[in-house]
Amino acid sequence: MPPSFSPIHKCKSSFPMNNSNSKTHYSETPIAAVILDLDGTLLNTEQATKGVLGEFLERYGKVLDREKEDKRLGMIHKESAISIVKDYELPITPDSYTQEIMPMYQEKWVHAKALPGANRLIQHLHYHGVPFALASNSMRKNIETKISHQQGWREYFAVILGSDQVKAGKPSPDLFLEAAKQMVVDPVHCLVIEDSLIGVKAAKAAGMKVVAVPSLQNAADQYSHADSILHSLLELQPELWGLPPFDDWVDKALPIDDPFHLKGWYSKGLLCQSKESEESALPDQVFGLFFGWAKFDAHEIFKVVASIGWDYGCCTCKRKIHIHLLEVSNEHICDQQVQILLVGYIRGLTNEENKAIDIKIPEEDKSIARVSLDLPEFTCQKSMMFFPEASFGDDYACDEKE
């Protein structure tokens, strides 16, 4: 069936998001359907299963090689199994590897959370009658397990496809072409959203437009074939593709359905997160200006703006979180344990802001945060600040020089 929306929308959302990494000119070819990847695009399975492969390799006296695993991102499991057995010289067959490790992954998949902006996008497309499909390199039965705890996902997708349902998985275009075929939409009218290079290559091979949201932040410069590169789904502007714009902004701020809880050590405007704190772990796709409240060990609570970006070194990529107090000077509080609740999003960061050692928050953004934190759409979350005292470890992810 044809989509029930007008193919080209000229209206804009109430507050256009920062799309500094996106190309500024898109084809006039209207988008009639959207195809979404699963792992690393919609679902944070990487964080949920963190440590599984390393734990498995330890059984055989092997040590995980992060660089090798990053290159395997997006591969179908069968190919990944063959590659892992060979690279680590494991004394087992790829089939035995699969039989041993799959239960370990399955146990973790049910704990995987939706990535920021994923539920928002799915509900938006469903509400506006835009056909959308799920096309993953995972096997279909594994897709079902992964999405089983995500409300509405199975029902909302027009098509769900796994790599075992087509001749070849990504980077072959088969998955995307089959999804378009089942939705009865010409491939040139499809928009793909992907996190892996393999997925981007598959989408372009299918003749489709593609938005990349890289799950490897230090590899974003490798996604030049994508039509648009974003840090997060929160930066997505559907109207740039002829789709209905989001209408959930409250003036110039976006409420976060699942607020971020952070904890650590506050020093000189920086948040140094505990390395041992799994609760505080942010998805890599969290990037930009956010706002909320900070509760210090003296039990004082302040409104804050948080700048969340990345510090790109020659061989490393490290999270960088600046906390700006809105009601008092940053010098008023120093070297204290802190708990932070982020409930709203303002915009992404420019390249210059992300590279800055000491980011300066524009007064306009501070004003947006101050006003928003007095609105009921955001104040309803403030009670979360009064949760029991969190335990703080002694090992924090901040260098002394910072």
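Listed by chain and number, the lysines whose C-alpha is less than 29 Å from the C-alpha of Lys181, apart from same-chain residues fewer than 8 away, are Lys10, Lys23, Lys78, Lys141, Lys146, Lys167, Lys170, Lys201, Lys204, Lys209.
The share of accessible area on the chain that comes from carbon and sulfur is 51 percent, using a 1.4 angstrom probe. With θ taken as phi - 60° and the Karplus curve 6.51 cos²θ - 1.76 cosθ + 1.60 applied, the whole-hertz 3J(HN,Hα) list for the range 143-154 is 4, 4, 5, 5, 9, 4, 9, 9, 4, x, 4, 4 Hz, x standing for glycine and proline.
Inverting the pair-averaged 1/r between distinct Cα atoms of the range 186-278 gives 16.0 Å as its Kirkwood hydrodynamic radius. Along each principal axis, taking the top coordinate minus the bottom one, the Cα set of the range 90-209 gives 49, 31, 22 Å in descending order.
Using the Kirkwood radius built from alpha carbon pairs, what does the Stokes-Einstein equation give as D for the range 299-383 at 20 °C and 1.002 mPa s, in µm² per second? Answer, rounded: 149 µm²/s.
If you rank Glu239, Glu46 by how much accessible surface each has, with a 1.4 Å probe, what is the order from largest down?
Glu46, Glu239
Taking 4 °C and 1.567 mPa s as conditions, the range 62-140 diffuses translationally at an estimated 85 µm²/s according to Stokes-Einstein applied to its Kirkwood radius (Cα pairs). Under Stokes-Einstein, with the Kirkwood radius over Cα pairs as Rh, the value for the range 28-69 at 20 °C and 1.002 mPa s is 162 µm²/s. Across the range 239-249, rounded Karplus estimates of 3J(HN,Hα) from the backbone phi angles (6.51 cos²θ - 1.76 cosθ + 1.60, θ = phi - 60°) give 5, 5, 10, x, 9, x, x, 5, 10, 9, 6 Hz, Gly and Pro being marked x. Straight-line cross-link reach from Lys303 at under 26 Å between alpha-carbon atoms covers these lysines, not counting any fewer than eight positions away in the same chain: Lys252, Lys263, Lys268, Lys275, Lys295, Lys318, Lys320, Lys355, Lys360, Lys366, Lys382. Relative contact order of the chain, taken over Cα pairs closer than 8 Å and 6 or more residues apart, is 18 percent.
The Rg/Rh ratio of the range 21-160, with Rg taken over Cα atoms and Rh as the Kirkwood radius over Cα pairs, comes to 1.04. The helix-only estimate of mean residue ellipticity at 222 nm for the chain, built from DSSP H runs of length n ≥ 4 each weighted as -39500 (n - 2.57), is -7000 deg cm²/dmol after division by the residue total. The 3J(HN,Hα) values that the Karplus relation (6.51, -1.76, 1.60; θ = phi - 60°) gives for the range 184-194 are, in residue order, 6, 10, 5, x, 5, 9, 9, 10, 9, 10, 9 Hz. Gly and Pro appear as x. Beta bridges per DSSP, both residues in the chain: antiparallel share near 70 percent. Spin-label model, Gln151/His299: points 7 Å from Cα along the beta carbon direction are separated by 3.4 nm. Evaluated at q = 0.14, 0.32 Å⁻¹, a Debye calculation over the C-alpha positions of the range 209-258 (equal weights, vacuum) places log10 I(q)/I(0) at -0.45, -1.23. Taking Ile198, Ile101, Ile340 in turn, the Gaussian network model of the chain (Cα-Cα springs below 10 Å) assigns the largest fluctuation to Ile101.
The values are calculated or read from the model by the stated rules, or taken from the named source; none is laboratory data. Please read these numbers as outputs of a predicted model, since none were measured by experiment. Reconstructed Cβ throughout: ideal geometry from the backbone, glycine too, with neighbour counts over all protein chains shown. The accessibility values were calculated without ligands, DNA or RNA, using every heavy atom of the protein model including side chains. Shrake-Rupley method; radii C 1.70, N 1.55, O 1.52, S 1.80 Å.
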